[in-house]
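Undergrad: Let me begin by handing over the structure; questions about it come next.
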Protein chains: 2
Amino acid sequence: MGVVIPFEGSDQKQPSLDPLIALTSTDMVKVNEAILARAASHVELIPELAGHLINSGGKRIRPMLTVATARMCGARSDAHVKLATAVEFMHTATLLHDDVVDESDLRRGQKTARLIWGNQASVLVGDYLLGQAFKMMVETGSLEALRILSNAAAVIAEGEVLQLSASHDTSTTEDAYMRVIGAKTAALFSAAAEVGAVIAARPRGEQAALQLVDDALDYSGKQALMGKSVGDDFREGKITLPVVLTYRRGSQEERNFWKRTLEDGNQTADDLIYAQKLVERHNAIADTVERARHYGDIARDALAIFPDSAHKSALLEAVDFCVARAY
Amino acid sequence: MGVVIPFEGSDQKQPSLDPLIALTSTDMVKVNEAILARAASHVELIPELAGHLINSGGKRIRPMLTVATARMCGARSDAHVKLATAVEFMHTATLLHDDVVDESDLRRGQKTARLIWGNQASVLVGDYLLGQAFKMMVETGSLEALRILSNAAAVIAEGEVLQLSASHDTSTTEDAYMRVIGAKTAALFSAAAEVGAVIAARPRGEQAALQLVDDALDYSGKQALMGKSVGDDFREGKITLPVVLTYRRGSQEERNFWKRTLEDGNQTADDLIYAQKLVERHNAIADTVERARHYGDIARDALAIFPDSAHKSALLEAVDFCVARAY
């Protein structure tokens with residue numbers, strides 16, 4: 001349990017991911033080369049489909065975390081490059097399967113792979129990338145990294161099934177919501193950072209600390225996006241934390257409104273404006289941001305046990321950046 | 001290169017899988033317990049959906065091979081039980097994804113999971129089982145077993161994509177056909193047997209030999225089924241080895257027939273009978289059986305280097321059983 005330091009800094013320069021990006025750039029060139037090399041196959045459809053998603057402008061924050069924590073912990077060999085690539089492949093495989101499950105047509109503003117090549121190819125290429133990810137982990141020879149990432153793979157899939165079971169269910173509790181987010185997204189962020197420390201052979205206490213950092217990084221970033229795109233989420237019937245809070249704090253009549261619009265998917269023109277009014281009335285955005293801030297505080301405490309270094313500073317600033325996005 | 005011993009034995013008692021089943025029964029009780037325990041989750045849909053397929057009467061030949069080869073190689077601990085369970089989970093995950101890709105309604109005479117719970121749940125529970133499989137491999141601490149099985153996972157997925165790219169293509173060569181079969185099915189059989197030897201820490205030469213045994217086991221069994229269910233395969237437009245041989249040996253007119261019926265899926269009532277006539281005319285069933293026999297011979301040679309034991313006898317008889325099924 002760390003001491004929670006209140007987040008203040010509105011009159012300082014805006015926090016940014018740039019230091020993290022700059023510090024990891026040499027390693028990330030190698031990661032990007034490995035991504036291309038490992039998505040190759042004599043079966044042409046595989047690099048074609050995988051390349052579409054790989055080149056679609058994702059920020060590669062997960063492999064960046066692996067690289068940064070490995071360097072912060074003094075990694076010398078290039079094993080962390082393989083692990084970072086494996087982490088990105090796990091993420092890519094999840095996105096491919098996600099788009100099939102959600103029947104998504106767009107991702108990062110581009111047509112999804114399933115829309116171009118079909119659901120079948122997306123499922124199978126996802127499986128292929130997952131297999132390649134495990135092959136790379138094995139090549140590093142780190143059973144501990146394999147343990148962390150195979151566990152993350154199972155947790156992610158479990159979270160996806162949980163979300164599928166609970167989709168459009170307005171009676172979702174904050175706890176259940178946090179479990180889905182934790183499993184679906186935070187699990188891989190945590191694992192990405194943890195294996196960076198593992199491959200640099202640092203003590204387990206520091207590894208656990210890093211897990212918290214990245215729970216926070218993800219949670220706060222995610223919340224920020226949710227707050228801003230509430231219109232899209234509403235139209236898609238997604239149960240976000242602001243909705244969870246508003247629903248539980250509302251009257252029976254208000255709950256009927258949420259049931260009609262999100263569970264039954266029955267929406268009229270004015271519903272979005274009313275939804276936003278309810279969210280505001282129950283202070284749900286502010287409280288969501290408050291939670292992001294709380295996790296940011298825990299993250300910075302977790303990093304405090306590491307000796308000062310450029311990588312540590314960059315990670316601290318990345319935490320601030322994510323929290324700041326929520327405002 | 002082993003000496004090929006011709007297969008004869010029509011006047012002996014029929015070969016059977018019973019000795020293999022009897023010898024592995026104690027270990028298989030543990031495998032079955034582990035399967036139930038590891039398919040568990042607090043997300044109810046997971047054990048529900050996984051259990052449907054797990055309890056649908058598969059023969060569990062793959063984990064049986066892992067157990068048999070481990071025992072033949074003198075395994076003492078129970079690590080091979082974990083690996084056998086992981087192998088079965090990899091197989092189950094593949095079936096779940098396969099049924100989604102093939103849009104299958106029936107498997108082993110029962111409704112497929114995707115028909116009951118939907119494609120989405122089938123994809124995700126498959127992912128979950130794959131994650132659990134890797135967790136179990138990690139628990140055994142054998143990087144070599146992890147290497148073999150993660151490689152198999154990538155090869156299987158690659159084979160599935162290749163099949164998807166080539167489906168309904170009558171110009172498939174025997175070589176391409178063998179590559180799909182090799183990747184889709186033989187890869188896991190090979191890996192299942194190989195990890196049995198690995199976990200018992202036997203020399204690499206024996207492990208490679210076992211790989212051949214199981215390529216053969218699968219190939220011959222698979223061919224047998226294909227020969228017998230050619231009607232179903234024909235209606236589904238599947239390119240089997242008898243079709244590959246008949247197509248390549250036929251006239252231009254005959255090839256047009258195959259293109260119309262299998263590529264374009266345009267079939268009339270009498271087409272199946274004509275198809276069977278063509279297959280017979282070009283001796284394609286007999287030559288398919290001949291290939292199964294050839295692989296059976298190689299398999300028995302491969303087993304010859306192991307000292308005599310009950311497990312070795314049971315595996316030899318299993319080879320004969322698979323070849324005999326082709327007649």
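The values are calculated or read from the model by the stated rules, or taken from the named source; none is laboratory data. This structure is a prediction, so every number in the text was calculated from the model and none was measured. All Cβ positions, even for glycine, are placed from backbone atoms using ideal geometry, and neighbour counts span all protein chains on display.
Undergrad: Exactly one condition in (1) more than 7 Å from chain B (Cβ to nearest Cβ); (2) surrounded by fewer than 24 Cβ atoms within 10 Å (Cβ to Cβ); (3) of a type in the set (S, T, N, Q); (4) within 30 Å of A:Arg76 (Cα to Cα) is not met by A:Ser190; state its number.
TA: (2) is the only condition that A:Ser190 fails.
Undergrad: When region A:249-272 is examined, which residues are found to be over 16 Å from A:Lys238 (Cα atoms), assigned to a helix (DSSP H, G or I) and modelled with pLDDT under 90?
TA: A:Arg249
Undergrad: Further, regarding this structure: Answer yes or no as to whether B:Asp175 is surrounded by fewer than 24 Cβ atoms within 10 Å (Cβ to Cβ), acidic (Asp, Glu), more than 22 Å from A:Val101 (Cα to Cα) and more than 9 Å from chain A (Cβ to nearest Cβ).
TA: Details: surrounded by fewer than 24 Cβ atoms within 10 Å (Cβ to Cβ): yes; acidic (Asp, Glu): yes; more than 22 Å from A:Val101 (Cα to Cα): yes; more than 9 Å from chain A (Cβ to nearest Cβ): yes.
Taking the combined requirement at face value, the residue satisfies it.
Undergrad: Are any residues in region A:250-296 charged (D, E, K, R), free of Cβ contacts under 8 Å to residues at least 24 places away in the same chain and closer than 30 Å to A:Leu316 by Cα, and if so, which ones?
TA: Matches in region A:250-296: A:Glu290 only.
Undergrad: Let me ask something else. Run B:Val100 past the list (1) touching a helix residue (DSSP H, G or I) at 6+ places or on another chain (Cβ under 7 Å); (2) more than 8 Å from every other protein chain (Cβ to nearest Cβ); (3) modelled with pLDDT under 95 and report the number of the one that doesn't hold.
TA: With respect to (1) touching a helix residue (DSSP H, G or I) at 6+ places or on another chain (Cβ under 7 Å); (2) more than 8 Å from every other protein chain (Cβ to nearest Cβ); (3) modelled with pLDDT under 95, B:Val100 is out only on (2).
Undergrad: Give region B:128-141 a look and list any residue that's facing chain A (nearest Cβ under 7 Å) and out of contact with any Leu (no Cβ under 8 Å at 6 or more places or on another chain), or say none.
TA: Passing the criteria: B:Tyr128, B:Gly131, B:Gln132, B:Lys135.
Undergrad: Identify, from the list A:Glu254, A:Glu317, the residue that is among the acidic types (Asp, Glu) and more than 30 Å from A:Leu23 (Cα to Cα).
TA: A:Glu254
Undergrad: Any residue in region B:42-70 that is more than 14 Å from chain A (Cβ to nearest Cβ) sitting within a Cβ distance under 8 Å of a residue that is buried (at least 23 other Cβ atoms within 10 Å of the Cβ) and among the acidic types (Asp, Glu)? List the pairs, counting only those 6 or more apart or interchain.
TA: B:Arg60/B:Glu88; B:Arg62/B:Glu88; B:Pro63/B:Glu88; B:Leu65/B:Asp214; B:Thr69/B:Glu194
Undergrad: Given the structure, is A:Glu144 more than 7 Å from chain B (Cβ to nearest Cβ), surrounded by fewer than 22 Cβ atoms within 10 Å (Cβ to Cβ) and under 21 Å from B:Leu164 (Cβ atoms)?
TA: Judged against the criteria, A:Glu144 is not a match.
Undergrad: Considering only region B:103-124, state which residues are within 7 Å of another protein chain (Cβ to nearest Cβ) and either modelled with pLDDT under 90 or under 21 Å from the mean Cα position of the chain (by Cα) (or both). Before the answer, list the steps.
TA: Just the residues of region B:103-124 that are within 7 Å of another protein chain (Cβ to nearest Cβ), to begin with: B:120-121, B:123-124.
Residue satisfying the conditions is B:Val123 alone.
Undergrad: So which residues in region A:32-81 are of a type in the set (D, E, K, R) and in contact with a Lys or Arg (Cβ under 9 Å, 6 or more places away or on another chain), if there are any at all? Give the derivation first.
TA: Filtering region A:32-81 for residues of a type in the set (D, E, K, R) gives A:33, A:38, A:44, A:48, A:59-60, A:62, A:71, A:76, A:78.
Passing the criteria: A:Arg38, A:Asp78.
Undergrad: OK, next. Go through region A:153-169 and count every residue that is surrounded by 22 or more Cβ atoms within 10 Å (Cβ to Cβ) and more than 8 Å from chain B (Cβ to nearest Cβ).
TA: Adding up the residues that qualify gives 2.
Undergrad: So is A:Ala79 surrounded by 23 or more Cβ atoms within 10 Å (Cβ to Cβ), of a type in the set (Gly, Ala, Ser) and within 14 Å of chain B (Cβ to nearest Cβ) or not?
TA: On the way: surrounded by 23 or more Cβ atoms within 10 Å (Cβ to Cβ): no; of a type in the set (Gly, Ala, Ser): yes; within 14 Å of chain B (Cβ to nearest Cβ): yes.
Taking the combined requirement at face value, the residue does not satisfy it.
Undergrad: While we're on this one: Taking A:Gly205 as meeting all but one of (1) modelled with pLDDT of 65 or more; (2) surrounded by fewer than 21 Cβ atoms within 10 Å (Cβ to Cβ), write down the number of the exception.
TA: Here A:Gly205 clears every test but (1).
Undergrad: Considering region B:69-86 alone, what residues qualify as being in a loop (DSSP other than H, G, I, E, B) and farther than 23 Å from B:Leu129 by Cα? Reasoning before the result, please.
TA: First, pick out the residues of region B:69-86 that are in a loop (DSSP other than H, G, I, E, B): B:73-78.
Within region B:69-86, B:Cys73, B:Gly74, B:Ala75, B:Arg76, B:Ser77 qualify.
Undergrad: Here's a follow-up. Taking the conditions exactly as written (modelled with pLDDT under 75 and in contact with a Ser or Thr (Cβ under 8 Å, 6 or more places away or on another chain)), does A:Gly237 satisfy them or not? First the steps, then the outcome.
TA: Details: modelled with pLDDT under 75: no; in contact with a Ser or Thr (Cβ under 8 Å, 6 or more places away or on another chain): yes.
No; evaluated as a whole, the condition is false for this residue.
Undergrad: Further, regarding this structure: Output yes when any residue across region A:113-122 is in a loop (DSSP other than H, G, I, E, B), on the phi > 0 side of the Ramachandran plot and surrounded by fewer than 21 Cβ atoms within 10 Å (Cβ to Cβ), and no when none is. Full working, then the answer.
TA: Taking region A:113-122 first, the residues in a loop (DSSP other than H, G, I, E, B) are A:118.
Those left that are additionally on the phi > 0 side of the Ramachandran plot: A:118.
Checking which are surrounded by fewer than 21 Cβ atoms within 10 Å (Cβ to Cβ) leaves us with A:118.
Yes, some residue in region A:113-122 is in a loop (DSSP other than H, G, I, E, B), on the phi > 0 side of the Ramachandran plot and surrounded by fewer than 21 Cβ atoms within 10 Å (Cβ to Cβ).
Undergrad: Additional query: Restricting to region B:152-162, give me the number of residues that are over 13 Å from A:Leu129 (Cβ atoms) and more than 15 Å from the chain's Cα centre (by Cα).
TA: 1
Undergrad: Follow-up. Can you tell me which of (1) touching a helix residue (DSSP H, G or I) at 6+ places or on another chain (Cβ under 8 Å); (2) away from chain A (no Cβ under 13 Å) is the one B:Thr94 doesn't meet?
TA: (2)
Undergrad: Let me ask something else. Can you tell me how many residues in region B:288-313 are outside any helix (DSSP H, G or I) and buried (at least 16 other Cβ atoms within 10 Å of the Cβ)?
TA: Number satisfying all stated conditions: 1.
Undergrad: Conditions: (1) over 22 Å from the mean Cα position of the chain (by Cα); (2) surrounded by 15 or more Cβ atoms within 10 Å (Cβ to Cβ). A:Glu44 meets all but one. Number of the miss?
TA: Here A:Glu44 meets the rest and fails (2).
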